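*Asks:* Submitted below is the structure of interest, expressed as structure tokens.
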Amino acid sequence: MYTDWIPAPNIGKNPELYELENDAIARDGRLDAALIGIADWTSKVLLDIGTGTGYWLPRYATKAHEVIGVEPDPGLLPRAQERVQDLPNARAIAGSAEHIPLSDNSVDIAHARFAYFFGAGAEKGLAEVLRVLKPGGSLVVIDNSWELGDFAKLLKIATEGNAAMDPDAAREWWQDRGATRVDVLGGWACKSPGELQEILRMEFASDVVDQFWNYEHDGGASISYGFAIYRVRN
């Protein structure tokens, strides 16, 4: 157990439902296309920070030379390890953004999808990632855009969790560290409206989802989602 690790309330409590959320992102496809365009991991060593159940590891492994998932949650790590046990170029290991058990200059690209890097307080983790990145390597952080898509409407209705963050302060924090930012309009493509509602209720309080669903949504199985992607070069 890492003393500086804070469990994620969504995947930590609902890993199966979070898998459906990842399915929806993967099914839409626009985020992954943007990530490849920003820092293509073909034939590279890719580190997935906060890999959770390892959902994205097999997908990265189809193009990467090697994929390493790092996860501090002892309840999630075994799922990730089982997921990649038959992949020769992928592994999942215990660790966190602040404690990466890899050598200096050993990684080409590091991804952090909605994990740890939310602005102020992430300085130690950023230094640790830069340690393991090769010269010219990149940290790519995927966060929420408050300007684009239906998900931004939910953030503005809500007051807790991700919605309690100051998006302007986070943007300034990254700018001060030399990051470039790309905003991408992607989405979730769920199998049914009921599945979408279930996922939203994992992420937001029920009254927030009710307000969005009744006044901001068309009742379908998909929503648009704005991703804020920060890239820091080593």
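*Asks:* Could you list, in sequence order, all residues of the stretch 116-165 that are open to solvent by 20 Å² or more (accessible area, probe 1.4 Å) and assigned to a loop (DSSP other than H, G, I, E, B)?
*Replies:* Y116, F118, A120, G121, W146, E147, L148, T159, E160, M165
*Asks:* I want to confirm something. Restricting to the stretch 100-115 and keeping residues that are among the β-branched types (V, I, T) and assigned to a strand (DSSP E or B), which single residue is nearest to the chain's Cα centre (by Cα)?
*Replies:* I109
*Asks:* Still on this structure, I have one more. From the list D48, D23, which residue is closer than 20 Å to A189 by Cβ and modelled with pLDDT of 95 or more?
*Replies:* Only one candidate qualifies: D23.
*Asks:* Cβ contacts < 7 Å: first residue within 18 Å of Y225 (Cβ to Cβ) and of a type in the set (A, V, I, L, M, F, W, C), restricted to the stretch 197-213; second residue part of a loop (DSSP other than H, G, I, E, B) and open to solvent by less than 20 Å² (accessible area, probe 1.4 Å), any location; separation 6+ or different chain. Result?
*Replies:* Final answer for the pair search is I199/C190; F204/A158; V208/A158.
*Asks:* Still on this structure: Identify the single condition in (1) hydrophobic (A, V, I, L, M, F, W, C); (2) closer than 30 Å to S106 by Cβ; (3) outside any helix (DSSP H, G or I); (4) open to solvent by 20 Å² or more (accessible area, probe 1.4 Å) that L185 does not satisfy, given that it satisfies every other one.
*Replies:* With respect to (1) hydrophobic (A, V, I, L, M, F, W, C); (2) closer than 30 Å to S106 by Cβ; (3) outside any helix (DSSP H, G or I); (4) open to solvent by 20 Å² or more (accessible area, probe 1.4 Å), L185 is out only on (2).
*Asks:* Select the helices (runs of 4 or more DSSP H) contained entirely in the stretch 1-94, then report the ones holding at least 3 residues which are open to solvent by 40 Å² or more (accessible area, probe 1.4 Å) and not polar (S, T, N, Q).
*Replies:* The qualifying helices (runs of 4 or more DSSP H) are 15-28, 30-38, 77-83.
*Asks:* For the stretch 194-226, how many residues meet the condition of being touching a Gly at 6+ places or on another chain (Cβ under 6 Å), more than 19 Å from N14 (Cβ to Cβ) and of a type outside the set (S, T, N, Q)?
*Replies:* Selection size over the stretch 194-226: 1.
The values are calculated or read from the model by the stated rules, or taken from the named source; none is laboratory data. Fair warning: this is a prediction, and the values are worked out from it, not measured in the lab. Quick reminder, even Gly has a Cβ in these numbers, built from the backbone with ideal geometry, and neighbours come from all protein chains shown. SASA here: full protein model, heavy atoms, side chains in, ligands and nucleic acids out. Shrake-Rupley method; radii C 1.70, N 1.55, O 1.52, S 1.80 Å.
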